[in-house]
Amino acid sequence: MRFFTLIGGLTGTATGFFLTIWSALQWGLVTGGKPVVSIPPFVVIAFELTILLGGLSTVAAMLVLGRIPRLRPSPTFDPRFTRDRFGVAVHCDARDVGAVRDILTRAGAEEVRG
């Protein structure tokens, strides 16, 4: 996820400098003999866009990597888990299914599927 934040931040920095330099060159206003493209005042806009795009890309990465929203329910989902029960999904090899079933039954599981 840090990679998404880094790319978003660098994109924000580049966009901030590009936007300010481009607009200064398009509508140049020379004041006091200062150069039209002067980097120090443009740092503020670049910094703000770095923070903005870095944060937005972090949120986008959380949604994408977390697979939110989940469009298909998990095959192990049971509606009872949202009310008054909890479930345990055990992924194991086919040869271990009997042993896992015995362990869960001995532990007091109400229902064992699979």
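Table: residues versus (1) among the aliphatic types (A, V, I, L, M); (2) outside any helix (DSSP H, G or I); (3) surrounded by 12 or more Cβ atoms within 10 Å (Cβ to Cβ); (4) on the phi > 0 side of the Ramachandran plot.
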position: ILE51; (1), (2), (3), (4): yes, no, yes, no
position: GLY55; (1), (2), (3), (4): no, no, yes, no
position: MET62; (1), (2), (3), (4): yes, no, yes, no
position: HIS91; (1), (2), (3), (4): no, yes, no, no
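Tell me the residue from ALA24, ALA94, ALA61 that is modelled with pLDDT under 95, small (Gly, Ala, Ser) and touching a helix residue (DSSP H, G or I) at 6+ places or on another chain (Cβ under 9 Å), please.
One residue alone meets the criteria, ALA24.
Quick check, is SER74 assigned to a helix (DSSP H, G or I) and open to solvent by less than 70 Å² (accessible area, probe 1.4 Å)?
no
Go over the candidates ARG85, ARG95, ARG80 one by one and state the one that is loosely packed, with under 10 Cβ neighbours inside 10 Å and without any contact (Cβ under 8 Å) to a residue 40 or more places away in the chain.
Selected residue: ARG95, the only one of ARG85, ARG95, ARG80 that is loosely packed, with under 10 Cβ neighbours inside 10 Å and without any contact (Cβ under 8 Å) to a residue 40 or more places away in the chain.
Here is a check on your reading of the model: is LEU29 free of Cβ contacts under 8 Å to residues at least 24 places away in the same chain and either in contact with a strand residue (DSSP E or B) (Cβ under 9 Å, 6 or more places away or on another chain) or part of a helix (DSSP H, G or I) (or both)?
Judged against the criteria, LEU29 is not a match.
The values are calculated or read from the model by the stated rules, or taken from the named source; none is laboratory data. As the structure is a prediction and not an experimental result, all values here were calculated from the model. Cβ coordinates were reconstructed from backbone atoms using ideal geometry, including for glycine residues, and neighbour counts include every protein chain displayed. Ligands, DNA and RNA are excluded from the accessible area calculation, which covers all protein heavy atoms including side chains. Shrake-Rupley method; radii C 1.70, N 1.55, O 1.52, S 1.80 Å.
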